[in-house]
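The values are calculated or read from the model by the stated rules, or taken from the named source; none is laboratory data. All figures in this text were calculated on a predicted structure; none of them were measured in a lab. With ideal geometry, Cβ positions are generated from the backbone for all residues, glycine too; neighbour counts draw on all protein chains shown. Please note that ligands, DNA and RNA were not included when accessible areas were found on the heavy atoms of the full protein model with its side chains. Shrake-Rupley method; radii C 1.70, N 1.55, O 1.52, S 1.80 Å.
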Amino acid sequence: MLHIVEHPCIKAKLTILRDRGTPCPRFRRCVQEITGFIACEALRKLELEEFRVETPLAETAGWRLRDELVLVPILRAGMGMLDALLELAPEAKVGFIGLERDHAGKLPREYYCKLPEPGEHSLAVLIDPMLATGNSLAGAIELLKSNGFRRILVITILSAPEGKAVIESRYPEIEVYTGSLDERLDENKYIVPGLGDAGDRIFGTIAP
Ligand code: URA
């Protein structure tokens, strides 16, 4: 199921990302800021365990995450979101999935996969700024499942109705958190109105 995380700050920051004139350093920073907002909502249901903690004045109840987060950016654009999640959960493990678009067939091709062993309380958090066709995300979900991950959630910044439909029909159990559901995909499978190529804008690799 796709959840759109509504927040005035997300809306304002998304506008900065959409603006073609936003320079790369500001774009990158804004990706991290939006990711932090969306992640707070996405991680709301994390399980905690209680322990005793001593303040300078008294002993009291304390809490730590029981779930073990495994953050999995889909290379390369997902890397732009990773630091924001590590700020929230510094003890998280990190895996990597490399998928690239085959521009002819528009299908993703796996070129890298390095994942930690899943534990009893592992929750894999797939991160990719753009849910477009859903093909890359479905490929990444299959890789996580075949590596033993049973609990998976997804954080994206923008989503298209086409990708939403693919993920919801194939993986009804997986929750996807996003900042906006845009109008459609264009003939090159870019999200419209979107923000262009997220990886190029995060890493400054746009052709002059
Ligand atoms: N990936 C991007 O970077 N942008 C899109 O619009 C779709 C997929």
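Some observations on this one:
- Within the accessible area of the chain (1.4 Å probe), percent carbon and sulfur: 52 percent
- Highest to lowest packing among 136-147, 180-191, scored as the average C-beta count within 10 Å: 136-147, 180-191
- Among 160-166, 30-36, 68-74, the order from most to least packed when residues are scored by Cβ within 10 Å on average: 68-74, 30-36, 160-166
- Counted over the stretch 30-144, the DSSP beta bridges are approximately 60% antiparallel.
- Diffusion constant of the chain at 25 °C, which comes from Stokes-Einstein with the Kirkwood Cα-pair radius and 0.890 mPa s, µm²/s: 139 µm²/s
- Each label point was placed 7 Å from the Cα along the Cα-to-Cβ direction; for Glu87 and Glu49 their separation is 2.8 nm.
- Accessible surface, per residue, of the stretch 2-203 when the full set of protein chains is kept, probe 1.4 Å, Å²: 51 Å²
- Nearest-ten-degree value, helix 8-18 long axis tilted from longest Cα axis of the chain: 40 degrees
- Taking every protein chain into account, the 1.4 Å probe leaves His121 with about 60 Å² of accessible area, to the nearest ten.
- Ligands, DNA and RNA excluded, the heavy atoms of Arg109 present near 120 Å² of accessible surface to a 1.4 Å solvent probe.
- Heavy atoms of Thr15 accessible to a 1.4 Å probe, total area in Å² rounded to 10: 90 Å²
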